[in-house]
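J.: One structure coming up, written as structure tokens, with questions to follow.
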Amino acid sequence: MKKVILFDAFSFVGYGLCCRMIDKEIHVIGVDANPKENSPEEEKMLRIGRNAFFEFIEFPKAINERMFIQSDAVIYPWYNINSSERNEEKKKSLQSVLEYCKETNTKLILISAHTLGRNTIADLEDELDDSWYAKIHIDNSLCDHQKVRTKHIEFLFTFIDFSNKDLGEAIMKKNDHEEWIFQNFYV
């Protein structure tokens, strides 16, 4: 994989993935809201923003089909147990991402995360290391869904390959992902 679009690039999961991918010299187009001054997101932007393998695009201003055509995959961190309001916003924008991916035959990877205890973000960030990233198999997953677990976090990855799926099949996979989240994360 040479180039990916990563939504929520400054979120917990997005930033963890972004750091691993730019270390592997994968060009990352990070899509997120413009960070507020003196925020944790601005600090993340300052850490990776000057990297030659990172490009920032403000959401939703610059999202277009051309961007999807030039990418190998789109990574979309979706559900996070601690932000239900944000999850609903992301659910709405996911529909247009699905449509762009279908139009351009771009692979889509949905990711949801669930913490397994009461831990601080600082405790959890240490778990998003190279060994975590190596378990994911983003490049060539042959499975539809993959669960990855660290000491304190459980992840669900759903891979949708639009080269052999229509939009209806993709929506069913998205719904399967969402159903699994509600059955396993919200118990």
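FYI, it's all coordinate maths here, none of it is from the lab. These numbers come from a predicted model, not from an experiment. A quick note on method: Cβ atoms are made from the backbone with ideal geometry, for glycine too, and the neighbour counts reach across all protein chains shown.
J.: Using the Karplus curve 6.51 cos²θ - 1.76 cosθ + 1.60 with θ = phi - 60°, work out ³J(HN,Hα) for each residue of segment 13-28 in order, rounded to whole Hz, and write x for Gly and Pro.
T.: 6, x, 5, x, 5, 4, 4, 5, 5, 5, 5, 8, 6, 8, 6, 10
J.: Hey, what does the equivalent ellipsoid look like for the chain, semi-axes from the Cα gyration tensor as sqrt of 5 times each eigenvalue, largest first, whole Å?
T.: Value: 22, 21, 16 Å, ordered largest first.
J.: Also: Work out from phi, with θ = phi - 60° and the Karplus expression 6.51 cos²θ - 1.76 cosθ + 1.60, the ³J(HN,Hα) of each residue of segment 40-48, listed in order in whole Hz, and give x for Gly and Pro.
T.: Residue by residue, segment 40-48 yields x, 5, 5, 4, 5, 4, 5, 5, 10 Hz.
J.: Ordered by residue, what ³J(HN,Hα) values in Hz, to whole numbers, does segment 73-79 give under the Karplus form 6.51 cos²θ - 1.76 cosθ + 1.60, where θ = phi - 60° and Gly and Pro are x?
T.: 7, 10, 10, 10, x, 10, 7
J.: Between their Cα atoms, which of LYS2/LYS151; LYS24/LYS92; LYS44/LYS90; LYS107/LYS174 are more than 25 Å away from each other?
T.: Checking Cα-Cα distances, LYS2/LYS151; LYS24/LYS92 exceed 25 Å.
J.: Go ahead and estimate [θ] at 222 nm for the chain from helices alone: -39,500 (n - 2.57) per DSSP H run with n ≥ 4, summed, over the residue count, rounded to 500.
T.: When only DSSP H runs of four or more count, the value is -12000 deg cm²/dmol.
J.: Are there chymotrypsin sites (Phe, Trp or Tyr not before Pro) in segment 25-77 that DSSP puts in a loop and that have at most 11 other Cβ atoms within 10 Å, and which ones?
T.: Passing both the DSSP loop test and the Cβ count: no residue.
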